[in-house]
């Protein structure tokens, strides 16, 4: 077992740390000067150049002397021995304090075509990681989940109390992993887990140095539009999947939040893993006359659903803006940011898509202090800076 972390910084293992969301989360962890990230990434949908850019931004903001090199391991989480080797590397060096598990395959449409790959890379890999955590006595994890666990929600905006009924393979892999975490914390009272149910991340770091650089044709709308704006993947045009949904203009509606806000949410979740109230059975004798004296939620008061219940040692939070935009509204916003037009063709609905995914982020605001302050216009503007400055992603230089 690893020794207690004696470093003034908590060492956090970030899986998928060179990817789109992971790179922004790693940067925000570094900027706190309270966490030292260690990155695992197999390069499936990422570039190692992102880590160099993270260090560059951090040094610009903090000064060279205050930024430690970011250890990076190029390995696959589906290999148990490989995962174990990372935890072993820090035995006697303070160990690993916690894990931020972001790595996953993430495309709804692709998951229907490659279900086994999604279960292998999202579920089996997560179990391997949790197995290593248990073996090396690591008791803190932030898990990257998804709003797709809700399927077609009964209530908009979507609270965490909504039933868990995913309608895509991707969403089911996320729901399965949440169930595994819920069961683990029941068996290990020292383990603390927070699941962050992402809505739709967008944008890039305002420096223009890090952003989304998918391998191959982007499978999500906003990065596809950005790539098309610089002349990539224009063959075949833009397809809008369905215009007969019960939404403002018939196209699917999604809650987009700036990737920097999402990244900051990971820092807040890491902080909350040691919260004296979030994972503590409340003192019912305490008064609620002020926020400081307000008791922590009891199991009975935590959000529940028909087939899923939050527990004291497992908490799930929506990370979203609380405001949604349709596919056609996104196209218009991106046209404004990039100064171009995107001709499109409406085709049939895509399997796994649901009409409306708008977050109710109030629980995360109340208990984590999370607030998505950046809007869609800012996200599109920052994305334009990244994409035009790096037309071929990290391979541009």
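Some points to look at:
Table: residues versus (1) farther than 20 Å from residue 250 by Cβ; (2) touching a helix residue (DSSP H, G or I) at 6+ places or on another chain (Cβ under 9 Å); (3) surrounded by 15 or more Cβ atoms within 10 Å (Cβ to Cβ).
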| position | (1), (2), (3) |
| --- | --- |
| 320 | yes, yes, yes |
| 325 | no, yes, yes |
| 328 | no, no, yes |
| 334 | no, yes, yes |
| 340 | yes, yes, no |
| 349 | no, no, no |
| 354 | no, yes, yes |
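- Residue 363 fulfils the conditions (1) surrounded by fewer than 20 Cβ atoms within 10 Å (Cβ to Cβ); (2) more than 30 Å from residue 238 (Cα to Cα); (3) at pLDDT 95 or above except for a single criterion, (1).
- Residue among 36, 61 that alone is within 17 Å of residue 264 (Cα to Cα), surrounded by 19 or more Cβ atoms within 10 Å (Cβ to Cβ), over 18 Å from the mean Cα position of the chain (by Cα) and touching a residue at least 12 places away in the same chain (Cβ under 8 Å): 36
- Failed criterion for residue 82 (all others in (1) touching a residue at least 24 places away in the same chain (Cβ under 8 Å); (2) under 24 Å from residue 137 (Cα atoms) hold): (1)
- Residue 225 meets the conditions (1) in a loop (DSSP other than H, G, I, E, B); (2) surrounded by 19 or more Cβ atoms within 10 Å (Cβ to Cβ); (3) out of contact with any strand residue (DSSP E or B) (no Cβ under 6 Å at 6 or more places or on another chain) in every case but one. The failed one is (1).
- Each residue in the range 240-274 was checked for being over 14 Å from residue 353 (Cβ atoms) and not in a helix (DSSP H, G or I), and 8 pass.
The rows are residues; the columns are (1) modelled with pLDDT under 95; (2) more than 30 Å from residue 33 (Cα to Cα).
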site: 219; (1), (2): yes, yes
site: 228; (1), (2): no, yes
site: 232; (1), (2): yes, yes
site: 237; (1), (2): yes, yes
site: 248; (1), (2): no, yes
site: 261; (1), (2): no, no
site: 271; (1), (2): no, no
site: 276; (1), (2): yes, no
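- Residue check, residue 51 more than 17 Å from the chain's Cα centre (by Cα), within 21 Å of residue 393 (Cβ to Cβ), in contact (Cβ under 8 Å) with a residue 24 or more places away in the chain and not in a loop (DSSP other than H, G, I, E, B): yes
- A count restricted to the range 94-149 and to residues that are assigned to a helix (DSSP H, G or I), within 30 Å of residue 356 (Cβ to Cβ), out of contact with any strand residue (DSSP E or B) (no Cβ under 6 Å at 6 or more places or on another chain) and in contact (Cβ under 8 Å) with a residue 40 or more places away in the chain stands at 14.
- Among the residues of the range 229-256, those identified as crowded, with 21+ Cβ neighbours inside 10 Å, closer than 17 Å to residue 335 by Cβ and touching a strand residue (DSSP E or B) at 6+ places or on another chain (Cβ under 8 Å) are 251, 256.
- Set 163, 153: member being touching a helix residue (DSSP H, G or I) at 6+ places or on another chain (Cβ under 8 Å), more than 30 Å from residue 391 (Cβ to Cβ) and part of a loop (DSSP other than H, G, I, E, B): 163
- Filter pass, residue 13 being assigned to a strand (DSSP E or B), under 20 Å from the mean Cα position of the chain (by Cα) and more than 22 Å from residue 261 (Cβ to Cβ): yes
The values are calculated or read from the model by the stated rules, or taken from the named source; none is laboratory data. What you see is a predicted model, and the numbers here were worked out from it, not measured in a lab. FYI the Cβ positions are ideal-geometry reconstructions off the backbone, even for glycines, and counts take in every protein chain you see.
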